1. Of the residues 53, 85, 66, which single one is closer than 30 Å to residue 19 by Cα, modelled with pLDDT under 90, under 19 Å from the mean Cα position of the chain (by Cα) and surrounded by 10 or more Cβ atoms within 10 Å (Cβ to Cβ)?
2. May I ask you to verify whether residue 15 is at pLDDT below 90, surrounded by 10 or more Cβ atoms within 10 Å (Cβ to Cβ) and touching a helix residue (DSSP H, G or I) at 6+ places or on another chain (Cβ under 9 Å)?
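The values are calculated or read from the model by the stated rules, or taken from the named source; none is laboratory data. The structure presented is a predicted model; accordingly, all values stated were derived computationally and were not measured. Cβ coordinates were reconstructed from backbone atoms using ideal geometry, including for glycine residues, and neighbour counts include every protein chain displayed.
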């Protein structure tokens, strides 16, 4: 009977792990297609890297990788000198947004009626 530690480190469990890693890299690394998947299998045999790589392959997906368009938008914000909130400043801004009561969306008819009333008040004042 094999121990669990031995079976986890056996080569049969790491077959295709390099392929899984390279597939994850393809989400954001443009040269991932030039990588040889088998070259990364051994990393999953190493206790110092296996836990991270398992997490990385499980966690990184299209949902949490910026698209090229999103990267361009971010770089445009930086180039324009726009502030980029992160860390505590981002958390504080998000909390502030959650505390602000949401206004009901304006109905076009109501907006038109308000514009008309505003014009009538301006005319009355003049």
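1. Details: 53 fails: modelled with pLDDT under 90; 85 fails: closer than 30 Å to residue 19 by Cα.
One residue alone meets the criteria, 66.
2. Numbers: at pLDDT below 90: yes; surrounded by 10 or more Cβ atoms within 10 Å (Cβ to Cβ): yes; touching a helix residue (DSSP H, G or I) at 6+ places or on another chain (Cβ under 9 Å): yes.
Considered against the rule, which asks whether it is at pLDDT below 90, surrounded by 10 or more Cβ atoms within 10 Å (Cβ to Cβ) and touching a helix residue (DSSP H, G or I) at 6+ places or on another chain (Cβ under 9 Å), residue 15 comes out as yes.
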